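The values are calculated or read from the model by the stated rules, or taken from the named source; none is laboratory data. None of these values were measured; they are calculated from a predicted model. Virtual Cβ from ideal backbone geometry, glycine too; neighbours counted across all protein chains shown. The area values use the complete protein model at the heavy-atom level, side chains included, leaving out ligands, DNA and RNA. Shrake-Rupley method; radii C 1.70, N 1.55, O 1.52, S 1.80 Å.
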Amino acid sequence: MVDLSLKTAAVVKVKPRAGRDAWIMRAFILVIGLYLVVTLAMPLYAMLSKSFNTYYFDLARYEVQINEDGDWGETIDVAALNAASNKYSRDQLRTSSDGRLSIVSMLENFSFRAKTLYRLRNVHASGSFLSGSELVDDTNWHEFTSNEFRRVYLKPVKTTGLDNFRQYFSNPSLFNSIFNSLFIAIVTTIITITLAFTFSYAIARSKMRFKGGFKVIAMAPILVPSLLPGIALVYLFGNQGMLKFLMGDQSIYGPIGIIAGSVFFTFPHAMIIIQTALSISDARLYEASDALGASKTKTFFTVTLPGARYGLISASFVVFNLVITDFGLPKVIGGQFNVLAVDIYKQVIGQQNFEMGAVVSVVLLVPALFAFAIDRIVQKKQVALLSARSVPYQPKRNRNFDRLMFSYAAIIAALIVGTLAICQYAALIKFWPYDLSLSLTNYDFDVMDGGGWGSFYNSLKLAALVAVIGTVAVFTGAYMVEKSQGMQFGRSLFQFLAMLPMAIPGMVLGLAYIFFFNSPNNPLNFIYGTMIILVICTVTHFYTVSHLTALTALKQMDREFESVSASLKQPFYKLFSQVTVPVCLPAILDISIYLFVNAMTTVSALIFLYSPDTTLASIAMLNMDDAGDIAPAAAMGMMIFYANVAARIIHHFLSKRIYSKTQAWRTR
Amino acid sequence: MGARESTPSQSAAPFLRVENLTKMFGTFTALKDISLDVYEGEFVCFLGPSGCGKTTFLRAIAGLDIQTAGVIRQAGKDISPLPPAERDFGIVFQSYALFPNLTVLRNVAYGLENAGKSKSDIKQRVDELLELVGLPDQGNKYPAQLSGGQQQRIALARALATSPGLLLLDEPLSALDAKVRTRLRHEIKALQAKLGITTIMVTHDQEEALTMADRIVVMDHGTIEQVGSPLEIYTEPATLFVADFIGEMNQLKAVSVGKNKLRIGDIEFSCQPRISSGQNGVATIRPEDVVAFEKSRKTSQNVIEVTIREMEFLGSFWRTILTSKKLSDQSITADFSINAVRRLSIEKDRRIRIELPTQALRFYDSQD
């Protein structure tokens, strides 16, 4: 048979006509895709371009005339004026977008009481200066008395280039943070992975008792902000710490504190991944190893470790990413030890240098993107392992081994519970270490910095909104992308945008939001400073994991459901509401609790975006700690913990009820 | 190509007419310039090995994967660009795709809702359908509580609920075990005959196609090899591919020596008129068409003497492997009844005479 059909000219290609369903689905993809573009791609672009913007005062753009005794003197270029007074060096003329330069500072012997008159004009139409609060950007001469002239300020001009980066890398106090951040992240990763692997190994491979309890306790750090372990460490090893004597001449404020706290808050993340990897290993391999007479150690290194390698690699990069992007913990316990995430905060909040904040953000993006990319590649391989048919490993009883594993797990559990207990204890003590009587004064948040109880309620409101709105948006988006047809390019683009948030550190996202949404030209400017922007930012920040959860659930659905429904002339939304959503309800609930818990504990992105009306519990913690109110900060941290525990319990019972109601079909 | 011979009610206009259908996936051509007519009330099977394009063809007819070029008309109307929802068909998939969280009743009623029907009408129709597929009292169960065969019948009931003009079955039986499969074959065929609904079924199982179809469309590499009744397909394969794919077939190297003559090894045989024009090719004959003789009988045309190399008892018959130097040592597989084996005392290593009957012996050009 010769393939002649398509070569003959008469062939007309069939143009499929999209039905109503296809159009509605495309509209949904477009809307949610647009949401991601506006809340992710455009802010990031704004931040990137900001990092390349440099501002400096171009003095040659101004001319001045001085009238000291009735006659106007000759016209002087302001650059010449500066040269004459030798006031500012080239470097000193560099500034940020909000920089202002007083013109009279370059005049020697200036007095605002003098009767001198001044004239100033822009040489170019692009130059501008401020007279009081009035912007002057024409090229006419403007006349001022000396009293008026002292309120005249020059505005900087913008150029684009790598100048900011050059400046960053020529400043050791800034770029040293790169090494500090990498050091903290790598050391934490090694410690956490070792501890979490042993813990997961105890759970998967021993017959120790109390496994369920250990697992629940190991998950607890997820329910608190990352700065909470920092507060516990301050109470234990800080300047007035209970166990300070153990520190010798080391200080907890610095790398030691950051690493210890980071291990605490990254532990559950690593444990989940490694445990999954260990639980899929094949029992037949162990039987084979046994039959070949391999020793236990040899089996461990030839079967167990290689089997879990993808899990270990993936967990390593997840931990690395969490630590290098974390802001709350180094802020609380970092002392003089600078890391990238805190640098962004210092540049933006402390020095109002937004351009440099953007530069540090770009620097922080590099390792984060790198870790993210490797994790994705490894995850894909892990999935391939999962789908293989294997026989699950059943641990055998071994008294000594079980006892050893139990002791280990008990120590880890005790450390976690202990950390939380210290915080709770600290919160209830009147005034550590002088008055150890118990009281509730530390819960009187309203008399402290940070927004009082209002911030706790704001956090609950934020978490609830994020859980509801985020779940609806994420699940709907995932459904449309997974089940719609055609528009291959649009769907790939959507997928990319949905994966991107995971690679973007919270600080970077928050800063990007300032640049994008706070711009007066942005029609969405009105959401700045409201609860809306906090909700949007949080949904976007935690989009990826939710999206992947939804996709996994959707992929398990028969892909012919849509075909059957269409052949029966039923609209897709009927299928969506009557079949897809009910069947995926467990996954949907998982997404919502994930979003809730993260919205309660997140600090990084929102630190730049909250306003006095929208203070949040986790940020209040940070601010109270900053103000020296450590006990109230601990109290607030524990309130977040209890709120999350309550949400978890409600989620548990809700799932159970929904399971028995709508998932009846699962039981035969 | 020996397409479109002896179809029922050919005088009427075809219900489904496919003209020059081509489907490309990127640079891969899944269907090449396919044309086919399907008549009202017919049961047509698309049969072929996996990857032959049969499922792609079905999905094009359903509008699930619309063709790159070509026209499909259903009941006189060009449906080529239409999405599935605007076409008139019911479909059953291999996985059944029953909605797991809906009861059997609601699964079957799914297509009847929001069509302006009253609740009692829907209930009546669903009961009727469940009765039709023989599961009248299973309505309140969930699909997971049913056996595979029952699920299959529910999927069928759901597809038939809206009384579509065309029923599409995509390997509907291949997920079932052998016994259930045989029973359901008959049930589906009987149901189709009773409803008179035009049906297209995709299958890779030739037995299924032979027992169920009015006409079989044999496909390979994205083209139609032959269209015909099961008997035509079996007894008069149009191509060597069909001959080889359907049933057991001996293939012997042969040379064509005239319109009705071919030579295998040293011996000349008379055969069916050849279709192709090549010189070197393949002679084919089915094992059950080989006839064994007593040694005493007089020689006649197409008879040769062979040695029985191997014998294998297969229950209702014996399978033998026969060889002869005169066939340049090519072996022939032949099936003999238990009766014949006893009567002719056929045993291993004995020599017997066999006939390759003219009406069963065909010549094809070798493929490629």
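So here's what we get for this one:
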item	result
Range in chain A, longest, excluding exposed GluC sites (Glu not before Pro) [loop by DSSP; at most 16 other beta-carbon atoms within 10 Å]	A:109-668
Computed FRET value (nearest 0.05) for B:ALA178 with B:ARG309, which takes r as the C-beta separation and R₀ as 41 Å	0.85
14 Å cut-off, amide nitrogen to a point 7 angstrom out along A:GLU108 Cα→Cβ, residues in region A:71-89	A:81-88
Computed over region A:56-158: relative contact order in percent, which uses C-alpha pairs under 8 Å that are six or more apart	33
Heavy-atom accessible surface that B and A bury in contact, both chains counted, 1.4 Å, Å² to 100	3400
Of all accessible heavy-atom area on the protein assembly as shown, the percent that carbon and sulfur account for (1.4 Å)	57
A:GLN394 paired with A:ARG309, simple spin-label distance in nm, labels 7 Å along Cα-to-beta-carbon	3.0
Mean ellipticity per residue at 222 nm, deg cm²/dmol - from DSSP H runs of n ≥ 4 across chain A, formula -39500 (n - 2.57)	-18500 deg cm²/dmol
Relative contact order of chain A, pairs being alpha-carbon contacts under 8 Å that are 6 or more residues apart, as %	17
Rounded tilt (10° steps) of A:630-662 against the dominant C-alpha axis of chain A	40
Solvent-accessible area per residue, Å², over region B:46-189 with all protein chains present [probe radius 1.4 Å]	36
Whole-angstrom gap from region A:557-601 to region A:611-643, using each part's C-alpha centre	37
Cβ-derived FRET efficiency at R0 45 Å, A:SER407 paired with A:ASN521, nearest 0.05	0.10
Cleavage-rule hits, trypsin sites (Lys or Arg not before Pro), region A:30-138, DSSP coil, Cβ neighbours within 10 Å at most 15	A:LYS87, A:ARG90, A:ARG100, A:ARG113, A:LYS115
Folded to 0 to 90 degrees: helix A:42-51 orientation relative to chain A principal axis, Cα	50
Pairwise centroid distance, computed over Cα atoms, of region B:321-361 with region A:30-94, Å	102
Neighbourhood net charge (12 Å Cβ-Cβ; Lys/Arg +1, Asp/Glu -1) for B:THR320	-2
C-alpha center-to-center spacing [region A:275-289, region B:139-174] in angstrom	40
Extension gain (nm, one decimal) between A:LEU48 and A:ASP138, 0.36 nm per residue minus Cα-Cα	29.3 nm
Sparsely packed GluC sites (Glu not before Pro) within region B:203-285, loop by DSSP, other Cβ within 10 Å at most 12	B:GLU248
Where labels lie 7 Å past Cα in the beta-carbon direction, separation of B:GLU294 and A:GLU68 in nm	14.9
Antiparallel content of DSSP bridges confined to the protein assembly as shown, in %, to 5	85
Stretch in chain A that is longest and holds no chymotrypsin sites (Phe, Trp or Tyr not before Pro) that DSSP places in a loop and that have at most 14 other beta carbons within 10 Å	A:435-668
Under DSSP loop assignment and at most 12 Cβ neighbours within 10 Å, longest trypsin sites (Lys or Arg not before Pro)-free interval of chain B	B:1-258
Percent RCO, i.e. relative contact order, over region A:169-320, from Cα pairs under 8 Å lying at least 6 residues apart	34
Accessible area of region A:56-158 divided out per residue, in Å², using a probe of 1.4 angstrom	57
Computed magnitude of the charge dipole of region A:56-158 (debye, nearest 20; Cβ of K, R +1, Cβ of D, E -1)	420
Efficiency of FRET between A:ILE24 and A:VAL468 - r from beta-carbon atoms, R0 25 angstrom, step 0.05	0.65
Distance (nanometres) between label positions extended 7 Å along Cα→Cβ at B:ASP78 and B:ASP329	6.2
With Cα atoms, 0 to 90° folded angle of helix A:581-601 axis to chain A main axis	40
